[in-house]
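Here's the structure, in structure tokens; my notes come after.
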Amino acid sequence: MVAEAGAQRIPPEPEGMSAESGRSERAEPPRQMSHWEAANFFFETAAERVGIDPEIVELLRRPYRELHVEVPVRMDDGRLAVFSGFRVQHSAARGPYKGGVRFHPEVDLDEVRALAALMTWKTAIVNIPFGGAKGGVQCDPTALSKEENRRLTRTYMVNISHLLGVQRDIAAPDMGTDKQTMAWMMDAYGSAHGYTPGIVTGKPISLGGSAGRREATGRGVALVTRDTLASLGMSAEQTRVAIHGYGNVGRFAAQFLHEMGCKIVAVADVGGCVVRPDGIDPGLLQEHVAATGSVVGMAGTWERERDEVFTSECDVLVPAAVGGVIHADNWARVQARVIVEGANGPVTPYADHHLREGGVTIVPDIIANAGGVLVSYFEWAQNIQQYRWSEEHVNRELETMLCDAFQGVRQRAEVEDASLRTAAFMIGGERVAEAIEIRGFV
């Protein structure tokens, strides 16, 4: 049921039950949690329900390895700036560590820990032979020149390279990084180890990157949205979508959802939010963003405050920017019937609990945005084989593997009478625990 405009969802008395789940899930979580606490909360909820050995749970409640490095960079004006960098390796029970590198002013060890753990569960859910890792540098890449970004990237890569390897730990792009960043990282690693394209994914195609990688996360978000709508008896043509974040994920999610027939009614980026009840054409919006740098000011749209995208009148809300944006203070004003997590950890445990109590279907990040790591796996496999796949082949494999994994999550949720998030963590947790037991880690 979609709330009327301006209405607030009234939180029921906490009973440890969910509208999506007849059996008990955890009681109401705290209003505030760190990123790491939130990731562990969701994992432990599922582990308790599925009966994972408490010793394995204890092992997975903390990363295997954490590295904090200083990244000194000679700036264009001659001064020396020193940035903090991180690489966290959570689990390699099922294969080499895998995870992106985030450049952002607010990235810290707590966030990188959480993102590394989410990668462990994500790769297990889509059943690819990777573990989970994440990296980050505390910086604002938009405030740096191209040469400063290059020096920062190469120094960071040199400082963490002893942990990496094609069969040990493979990096990828994330917020604030892109294919150019990956090219610099690959070259920095190759300077010491020889030509090694498989050390990073998300590279330019000319350096061994995969066709379809840039669009993969947004394409995956659109695919799981399509299947969710079908499972709820909702038609794409009658579905209004609001998107928070117009970077790589939000942009392509908007494009593919529009092509499926959905109406994009609100889009927000760092500059603000634009709304058009009759629908925003993503092609025209992209032209506007390319010309101006923001969604704000697009002809034929109404401007709103950035955070009003969360409370806009829509059927599907896609948070596709940063974590923790739907929280204790704004969840009650969410109008959407469905939330598809394009970003990592955008809904806090407290908000997740109450939204599900109110009947909102939440498709969790660890399946909703897994298209990116799937095509990263394809890229890694192509690099090892020294053989290129066509874009049609990449997209076909992406759809098959992602939609099969999502169907498995939906079926598990139905059988266990659990939320989609808990079901996804159940599947991921079981697969990682099985690998730990078989390999004799405990």
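The values are calculated or read from the model by the stated rules, or taken from the named source; none is laboratory data. Bear in mind that the values here come from a model prediction, so they are computed numbers and not experimental data. Here Cβ is always computed from backbone atoms with ideal geometry, including for glycine, and neighbour counts include all displayed protein chains. Surface areas here come from the heavy atoms of the whole protein model, side chains and all, with no ligands, DNA or RNA. Shrake-Rupley method; radii C 1.70, N 1.55, O 1.52, S 1.80 Å.
In table form, for the structure just shown:
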read-out	value
Per-selection Kirkwood Rh - the chain (Cα, Å, 1 d.p.)	22.0 Å
Accessible carbon and sulfur surface of the chain relative to its total accessible area, %, 1.4 Å	48 percent
Length-normalised contact order of the chain in % [C-alpha pairs under 8 Å, at least 6 apart]	20 percent
Label-reachable residues, region 212-252, where backbone N falls under 19 Å from a point 7 Å from ASN330's Cα toward its Cβ	241-251
Heavy atoms of CYS314 accessible to a 1.4 Å probe, total area in Å² rounded to 10	0 Å²
Accessible area in the full protein assembly, largest first, 1.4 Å probe, for ILE339, ILE205	ILE205, ILE339
Length released on extending from VAL270 to GLU305, taking residue separation times 0.36 nm less the Cα-Cα span	11.6 nm
If the convex hull is drawn through the Cα atoms of region 298-442, its volume per residue in Å³	172 Å³
Highest to lowest packing among 282-293, 33-44, scored as the average C-beta count within 10 Å	33-44, 282-293
Relative contact order %, region 221-343, counting alpha carbon pairs below 8 Å whose residues are six or more apart	27 percent
Qualifying lysines (Cα of each under 18 Å from Cα of LYS179; at least 8 residues distant if same chain)	LYS98, LYS134, LYS146, LYS203
Protection-proxy order for peptides 318-326, 68-76, 235-243, 192-200, each taking the mean of Cβ atoms within 10 Å per residue, highest first	318-326, 235-243, 192-200, 68-76
Accessible area (Å², per residue) of the chain, counting only protein heavy atoms and a probe of 1.4 Å	40 Å²
Phi-based couplings in Hz for region 343-360 (Karplus 6.51, -1.76, 1.60; Gly and Pro marked x)	8, 8, x, x, 10, 6, x, 4, 5, 4, 4, 6, 5, 5, 4, x, x, 7
Contact order relative to length of region 200-270, as percent, for alpha carbon pairs under 8 angstrom and 6 or more apart	32 percent
Potential lengthening between SER294 and ALA230 on full extension [0.36 nm per residue; Cα-Cα distance subtracted]	19.8 nm
Taking only Cα atoms of region 227-285, radius of gyration then Dmax in Å	11.3, 35
Charge tally in the Cβ shell below 14 Å around GLN32, where Lys, Arg are +1 and Asp, Glu are -1, GLN32 excluded	-4
Among ILE170, ALA192, MET157 the positive-end extreme of the charge dipole of region 156-220 (Cβ point charges)	ILE170
Within region 97-195, GluC sites (Glu not before Pro) in DSSP loop having at most 14 other beta-carbon neighbours inside 10 Å	GLU106
Pair LEU207, GLU66: separation of 7 Å Cα→Cβ label points (nm)	3.0 nm
Inter-probe distance in nm under a simple model that places probes 7 Å from Cα toward Cβ, at CYS403 and VAL158	4.8 nm
Amide H within-cut-off set for GLU28, under 5 Å, with H built and near neighbours excluded	GLY16
Simple label model, 7 Å out from Cα along Cβ direction - ALA81 to GLU48, nm	4.4 nm
